[in-house]
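Down below is the structure, laid out as structure tokens.
The values are calculated or read from the model by the stated rules, or taken from the named source; none is laboratory data. Predicted model, so just to flag it, every value in this text is computed and none were measured. Positions of Cβ are generated from backbone atoms using ideal geometry, with glycine treated the same way; all protein chains shown enter the neighbour counts. When the accessible area is computed, the model is the full protein with side chains, heavy atoms only, and any ligands, DNA or RNA have been set aside. Shrake-Rupley method; radii C 1.70, N 1.55, O 1.52, S 1.80 Å.
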Amino acid sequence: MEDVYLNFININFNSLKIKDLSFSKEIREEIFVKSARHCCVCHKPAGLNMEIHHIKPKKQGGDDSFENAIALCFDCHSDAGHYFAGHPKGSKLSPEELRKHKESWFAQVEKYGIEIPSNEVIELIVENKDFDGIFRPIFIKEETLYFDRESQKKLYELAGKNPMDTLNKIKEMDDFNSPFYDSKLKNVENYDEFLDYLSSDDYEFEDELSNTNCQPVTYHLNGLRFSTYKEINLSNCVLDLRLKNVSPQVLENYKLYLKFNNVVEVDSVDKQKKYLDTYEYKYNVKFTEKFKCQFVPENEILVQKDSIRIDSVCFRASHHTKSISIDWEFFARNIHKTGRIEFQIVPEFEKSEKAKYINLEEEKESTIRILPKLKFD
């Protein structure tokens, strides 16, 4: 009984082997190339999941020629089945239909340059101008030096100058139109008060641990008068991405999720044009969690070789950071893909010195702070 079973297995294996090899290797390859490994009937990219079918069955006199071969996906191959002209029951695909499908699809492949499907579905393209894969945020390395205030006074005495002359010149230079005009300076009446003013921390810029704002531009209202000014942040990074369909199929109901790793703050770039701009701008990037966002396109259909721009995203990385990464996850009908893109962070530093005047009982070493680089218009 066992020998009979083994013979049955061998017979069926040999018959399958003969079926697979009924078309020559050259014909199979030519059919796969001319069809771009798509089904000639439903045009679905089948890749490895396809078969070469006899348009006219061999039992009805069909041969193993190129003219009698057609590339079909598994589903269409099942629908084609074995058509019997004498009793065409059902909706099996006839040889005439298959020939027309084959000719039509080969023509489309040639005309539109349809390519053999790959494992790639989408491509995230960085659109930053002249981008070389490196972000170069600018920080200020502020060093605070401590001086004995009594020694500072003696320097003026030795030089035969009045320290109040310097103070009065600074008062004259302080511009009321400046967004950083300080009315307290007008109330300083002697040099000791001036040294206290210079040594105060009231008007210090926040360091990078406190100021994590990652917007490239922020608009402010001057509290002293009804006017605005623009803050330009050079310590942040702005990323422009484009999503491209590199698959041979139409992507429907697709979604893209991004997760930023090793950043301090991340957000969609504000489209506000001025402080009093109340226009409700639309954003196709929505942050659902602190470092996670979803790309929400207006049209959830992306055809082959088409692309769509993702709204600019800004982020802040610590000056210690060497690289950041973005994990992406893509969903479409019957598709789920994941990936990661990485960028280098090479911060640049500008040196700045600040003086504080204190009563020194013992020598005090200088201190270092890292500040965001800000410009103001």
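Quick check on segment 220-360: take the gyration tensor over C-alpha atoms, sort the square-rooted eigenvalues as a ≥ b ≥ c, and tell me if it's rounded (a/c under 1.5), prolate or oblate.
Details: a/c = 3.28, a/b = 1.72, b/c = 1.91.
The shape class here is oblate.
If ASP270, ASP377 are ordered by their accessible area, calculated over protein heavy atoms with a 1.4 Å probe, which sequence runs from highest to lowest?
Result, largest first: ASP377, ASP270.
How charged is the neighbourhood of CYS237? Take every other residue with its Cβ under 10 Å from the Cβ of CYS237, and add Lys/Arg as +1 and Asp/Glu as -1. Can you show the working numbers first?
On the way: positive: ARG136, ARG316; negative: none.
Its environment carries a net charge of +2.
Using the Cα centre as the reference, give the magnitude of the dipole from point charges on the C-beta atoms of the chain (Lys, Arg: +1; Asp, Glu: -1; all else neutral), rounded to the nearest 20 debye. Walk me through the intermediate numbers first.
Values: 54 positive and 66 negative charges, 412 e Å.
Computed about the Cα centre, the dipole is about 1980 debye.
Over all pairs of distinct alpha carbons, what does the Kirkwood formula give as the hydrodynamic radius of the chain, in Å? Before the final figure, lay out the partial values.
Details: mean 1/r = 0.0358 Å⁻¹.
Result for the chain stands at 27.9 Å.
Please report Rg (one decimal) and Dmax (integer) in Å for the Cα set of segment 178-301.
21.8, 78
With +1 assigned to the C-beta of every Lys and Arg and -1 to the C-beta of every Asp and Glu, and no other charges, what is the dipole magnitude of segment 202-343 about the Cα centre in debye, to the nearest 20?
On the way: 20 positive and 21 negative charges, 127 e Å.
Dipole of segment 202-343, to the nearest 20 debye: 600 debye.
Can you tell me, using C-alpha contacts under 8 Å and at least 6 residues apart, the relative contact order of segment 258-377 as a whole percent? If you can, show how the numbers build up before the last one.
Numbers: 129 pairs, mean separation 31.4, N = 120.
Dividing the mean separation by the residue count of segment 258-377 yields 26 percent.
Report in % the part of the accessible area of the chain that belongs to carbon and sulfur, leaving out ligands and nucleic acids; probe 1.4 Å.
Looking at the chain in its full context, I get 50 percent from C and S.
Putting +1 on Lys and Arg Cβ atoms and -1 on Asp and Glu Cβ atoms, find which of TYR279, ILE368, HIS320 reaches farthest to the positive end of the dipole of segment 230-377.
Among TYR279, ILE368, HIS320, the one farthest towards the positive end of the dipole of segment 230-377 is TYR279.
Taking a 1.4 Å probe, which of GLU280, GLU150 shows the most accessible area, and what order do the others take after it? Could you put the intermediate results ahead of the total?
Numbers: GLU280 160, GLU150 85 Å².
These residues rank, largest area first, as GLU280, GLU150.
Could you do me a favour and compute the accessible area per residue for segment 273-332, 1.4 Å probe, result in Å²? Mind dumping the intermediate values first?
On the way: 3680 Å² over 60 residues.
Result: 61 Å² per residue.
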